[in-house]
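The structure under discussion appears below in the form of structure tokens.
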Amino acid sequence: MTVYEPLATEPGTPPARLAAMKILIVGGYGVGKTTLVGAISEIDPLTTEADVTQASIGHDRTAGTEAKATTTVALDFGRITLRAHGLQLLLFGAPGQQRFWFMWDDLATGALGAVVLADTRRLEDSFPVIEYCEQRGLPFIVAVNEFDPHLRYPADEVRAALALAETVPIQMCDARKPASVQAVLIALAEHAVALYYAQRALSQ
Amino acid sequence: MERDTSWSWNDDGIGRLRLYSLTGGRTTPTRQLDLAALVHASSGDPPPLDGEGEQIHALCRVEARSIAELAGLLRQPATVIKILVADLLDSGALVHATPDFSADPTDIDILERVLDGLRALSH
């Protein structure tokens, strides 16, 4: 049975029902995930230690017993409450290295999508997470954090270097600026909406 | 007999002992909770609480908070917070902020609400 009780609100206003929606911010070390989460979060960004289950690879699969190991990963956490829309967006900044693949399943379940935060000096750091999102069908966009004005590349060069499909949006951003981060999240939400309609058109 | 020096007491071990005592030795919550599960305090008088349970309840009186946020605020692993929050839900001290726990990312109504909400943010 689900226990539900509306949130207490000001007298005369309808009770707020808040549903949570996860958005992942994934990128390599030092690319600006914490900065990006902090720029738009309504609370000071927190570090959350999450235990994640790692299905071990290479064990005897025919026996039908999947040995699992648990690992603790530190995530950046921030939130945006869209009260009028009954939503709380939960932003999770997660490391994008290949060895953290196992945890994305836990995070990606029920998530709206992912922002792959890329650094043009280390574009190769973005390959694992892009591959993961493509395989899983998780909506994602690439946001290029342009914190160094001398290292700016046109979006089509970034697209070519990442071998990204034309359909995946690339957004240049400054992870320190709230308006810039807002534009990134809007681009992700627009992409998720567009994908929904594209898939519906395909299935009809 | 040679003394085994390959291990020693350290902060790491003490940390684990502390976590173990917080949850009464349990390692799994009484119900499944996602990192994104939002909870808030129920309006009635809470049952007697202590320690972290009381802190969680106090935080959730102010507004709805997710497991991830509570874990960050209390500086405890999310697994420990899940166990404590599940107990508080069981006792009625906390309730879920939504009947369906989390929004469905394949629901176009939700996606469009997210988009509208983000566009309406003023930065």
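The table below gives the values:
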quantity	calculated
Difference of contour (0.36 nm per residue) and Cα-Cα distance, A:ARG83 to A:LEU202	39.5 nm
Spin-label zone in the range A:16-32 - amide nitrogen under 19 Å from a point set 7 Å from the Cα of A:TRP101 along the C-beta vector	A:26-29
Least to most buried among A:SER126, A:SER41, B:SER43 (fewest other Cβ within 10 Å first)	B:SER43, A:SER41, A:SER126
Charge context of A:THR72, other residues only, Cβ under 10 angstrom, K/R +1, D/E -1	-2
The range A:82-167 - Rg over Rh from alpha carbon coordinates, Kirkwood radius	1.00
Proximal charge balance of B:ILE108 [Cβ under 14 Å; K/R count +1, D/E count -1]	-4
Cα gyration tensor category, rounded, prolate or oblate, for the range B:18-123 with a/c compared to 1.5	prolate
Cα-centred dipole magnitude for the range A:86-204, charges only on beta-carbon of K, R (+1) and D, E (-1), debye, nearest 20	200 debye
Length released on extending from B:HIS123 to B:VAL62, taking residue separation times 0.36 nm less the Cα-Cα span	19.5 nm
Average beta-carbon neighbours from other chains, 10 Å sphere, peptide A:187-197	4
Calculated FRET efficiency for the pair B:SER21/B:GLU112, C-beta based, R₀ 41 Å, to 0.05	0.30
Antiparallel bridges, percent of DSSP beta bridges restricted to the range A:65-177 (to nearest 5)	45 percent
Within 10 Å of each Cβ in A:21-28, the average number of Cβ atoms from other chains	3
Label-point gap, in nm, between A:ALA165 and B:ARG31 - each point 7 angstrom along Cα→Cβ	3.8 nm
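Readers should treat all values here as calculations from the given coordinates under stated rules, not as data from a laboratory. These figures come from a predicted structure and were not determined experimentally. Positions of Cβ are generated from backbone atoms using ideal geometry, with glycine treated the same way; all protein chains shown enter the neighbour counts.
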